[in-house]
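Novice: My structure is below; once you've seen it, I'll send some questions.
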Amino acid sequence: MKPVENTESAGTVAEDVGQSASEASTQSGSVSAPASITTDVLPSASAIDFEVPALPTEILLEMYRKAVTIRLMEQALLAAAEEGQIGGAMHTAIGHEANAVGAAYALRPGDYVTCTYRGHHHGLAWGMDPGRAIAEVMGRSDGFAKGKGGSMHFVSPEHGMMGANGIVAAQVPHAAGLALSSHLRGEDRVAITFFGDGALFQGVMHETFNIAAKWKLPLIFYCENNRYSEMTPIWRTSSIEDIFLFPRSYGMATMQIDGNDVEVVHAAVSLAAERARSGSGPTFIEGITYRLAGHMAGDLETYRPPEEVEKQEAYGPLNVLRAKLKARGIDEKSLAGIDAEVDDLVDDAVEFAEKSPWPDTAETYRDVFVESGSG
Ligand SMILES: Cc1ncc(C[n+]2csc(CCOP(=O)(O)OP(=O)(O)O)c2C)c(N)n1
Ligand SMILES: [Mg+2]
């Protein structure tokens, strides 16, 4: 396995409906995975069909800075969890960065995002400040939900971040509601919802597929397929491993893409957003990715060999992006300079969060229930 160094990897898009799964699979060039993900089949092996324009180098550099910020913040949060500074479960998105960064750059201010409990990367990609984000995870008063949401319930409507959710797939119909409101108000806002491969087996997922396709909602379904649900690999839980084949049966346009490549993600989400804004309805994107850290802080990871993680790390989103930038003449020293700046920024963010006061007890029931004013 080695990092992809060119910008030509792409994804597959299939809008025809009524094909059999095997036809679709053959046409997409996807490979049926063996009974283990410990394989040399790279995500980009399934990536060929649509144009992936090269983004300007300055944008790629910005994306790199954002992806490194996410990575270093997640690492700092894992260290804080180990020190006992974080209550409750915390799931990091180490290895998932490109899905969030590529998508956020493809959408506009005013668009909506919802995501799972693994959502710190989406919050940051959508513009949330790292200091306040860390404060939220630590339950401090400067957090975006004054410390009441914590890691699993990131929310910041002013950034379009309409809520992470601890219940697998619960955020998906919420996004459909946001898309419906945009449609009913005659706005051109798009909603994107991120979920994992495990969410495909929740009933509400399929109810939302059906109604979104039927009503042509301006909605993007984005599956971050990291090939595990908690500690269980996908080949143990799913009848098919090409997740994008499920929504095709609802008549939805689908893509299976390399979720570790920001340019590919950007191109796919741009295409899906264009379809949504022009009234063509929802698109389902399966971003193949890999979780490089445990399912949650404290996960001993006894269910997968370290060699598997090392192998995937080589193709991790930061390595892919570094290789792209180097191919464009950005040298190691410049990249190390960005890494050092971000490191300082994240140190400051942690310090800010640690100094943030605990919420006052008077806050306990505030913002928990809607106040109608009528008693
Ligand atoms: C409805 C529901 N069932 C079970 C759980 C427990 N649970 C938490 S994370 C998780 C795995 C989900 O895997 P996936 O959708 O692939 O997302 P990932 O964690 O890999 O990002 C499960 C089953 C839950 N939170 N909600
Ligand atoms: Mg998963």
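The values are calculated or read from the model by the stated rules, or taken from the named source; none is laboratory data. Please read all numbers here as calculations on a predicted model, not as lab measurements. Glycine gets a Cβ as well: all are built from the backbone with ideal geometry, and neighbour counts include every protein chain shown.
Novice: Just for the range 109-132: of the residues that are within 15 Å of ligand 1 (Cβ to nearest atom) and touching a residue at least 60 places away in the same chain (Cβ under 8 Å), which one is nearest to Ala297 (Cα to Cα)?
Specialist: Arg118
Novice: Might you let me know whether the range 210-222 holds any residue that is within 16 Å of ligand 2 (Cβ to nearest atom), outside any helix (DSSP H, G or I) and more than 23 Å from Ser270 (Cα to Cα)?
Specialist: no
Novice: Assess whether Ala179 counts as being away from ligand 1 (no atom under 15 Å from the Cβ), in contact with a Leu (Cβ under 6 Å, 6 or more places away or on another chain) and of a type in the set (A, V, I, L, M). Spell out how you get there, then give the answer.
Specialist: Numbers: away from ligand 1 (no atom under 15 Å from the Cβ): yes; in contact with a Leu (Cβ under 6 Å, 6 or more places away or on another chain): yes; of a type in the set (A, V, I, L, M): yes.
So Ala179 passes the test.
Novice: For Arg291, indicate whether it is under 25 Å from Ser151 (Cα atoms), among the basic types (Lys, Arg) and within 16 Å of ligand 1 (Cβ to nearest atom). Steps first, please.
Specialist: Details: under 25 Å from Ser151 (Cα atoms): yes; among the basic types (Lys, Arg): yes; within 16 Å of ligand 1 (Cβ to nearest atom): yes.
Yes.
Novice: Just to be sure I understand, how many residues within the range 192-249 are at positive phi, at pLDDT 95 or above and either buried (at least 24 other Cβ atoms within 10 Å of the Cβ) or within 15 Å of ligand 1 (Cβ to nearest atom) (or both)? Spell out the reasoning first.
Specialist: At the first step, the residues of the range 192-249 found to be at positive phi are 216, 227, 230.
Cutting the leftovers down to at pLDDT 95 or above gives us 216, 230.
Then keep just the ones that are either buried (at least 24 other Cβ atoms within 10 Å of the Cβ) or within 15 Å of ligand 1 (Cβ to nearest atom) (or both); that gives 230.
Residues meeting the conditions: 1.
Novice: Would you mention how many residues in the range 223-261 are β-branched (Val, Ile, Thr) and within 13 Å of ligand 2 (Cβ to nearest atom)? Explain how you work it out, then say what you get.
Specialist: Taking the range 223-261 as the starting set, the residues that turn out to be β-branched (Val, Ile, Thr) are 232, 234, 237, 240, 243, 254, 257.
After this cut, where a residue has to be within 13 Å of ligand 2 (Cβ to nearest atom) as well, the list is 232, 234, 237, 243.
Of the residues in the range 223-261, 4 are β-branched (Val, Ile, Thr) and within 13 Å of ligand 2 (Cβ to nearest atom).
Novice: Additional query: May I ask you to verify whether Ala169 is on the phi > 0 side of the Ramachandran plot, out of contact with any Ser or Thr (no Cβ under 6 Å at 6 or more places or on another chain), within 16 Å of ligand 2 (Cβ to nearest atom) and of a type outside the set (Ser, Thr, Tyr)?
Specialist: Values: on the phi > 0 side of the Ramachandran plot: yes; out of contact with any Ser or Thr (no Cβ under 6 Å at 6 or more places or on another chain): yes; within 16 Å of ligand 2 (Cβ to nearest atom): yes; of a type outside the set (Ser, Thr, Tyr): yes.
Taking the combined requirement at face value, the residue satisfies it.
Novice: Output the number of the condition that Gly123 fails; it satisfies all remaining conditions of (1) within 16 Å of ligand 2 (Cβ to nearest atom); (2) within 15 Å of the chain's Cα centre (by Cα).
Specialist: Only one criterion in (1) within 16 Å of ligand 2 (Cβ to nearest atom); (2) within 15 Å of the chain's Cα centre (by Cα) is unmet by Gly123, namely (1).
Novice: Exactly one condition in (1) more than 30 Å from Ala175 (Cβ to Cβ); (2) within 16 Å of ligand 1 (Cβ to nearest atom); (3) modelled with pLDDT under 95 is not met by Ala314; state its number.
Specialist: For Ala314, the exception is condition (2).
Novice: Looking only at the range 133-166, filter to residues that are in contact (Cβ under 8 Å) with a residue 60 or more places away in the chain and not small (Gly, Ala, Ser); which one of those is nearest to ligand 2 (Cβ to nearest atom)?
Specialist: Looking at the filtered set, the residue picked out is Met152.
Novice: Can you list residue pairs whose Cβ atoms sit under 7 Å apart, with the first residue in the range 289-308 being farther than 9 Å from Thr92 by Cβ and the second being part of a helix (DSSP H, G or I) and within 13 Å of ligand 2 (Cβ to nearest atom)? Count only pairs 6 or more apart in sequence or on different chains.
Specialist: Note: pairs meeting the criteria are Thr289/Asn99.
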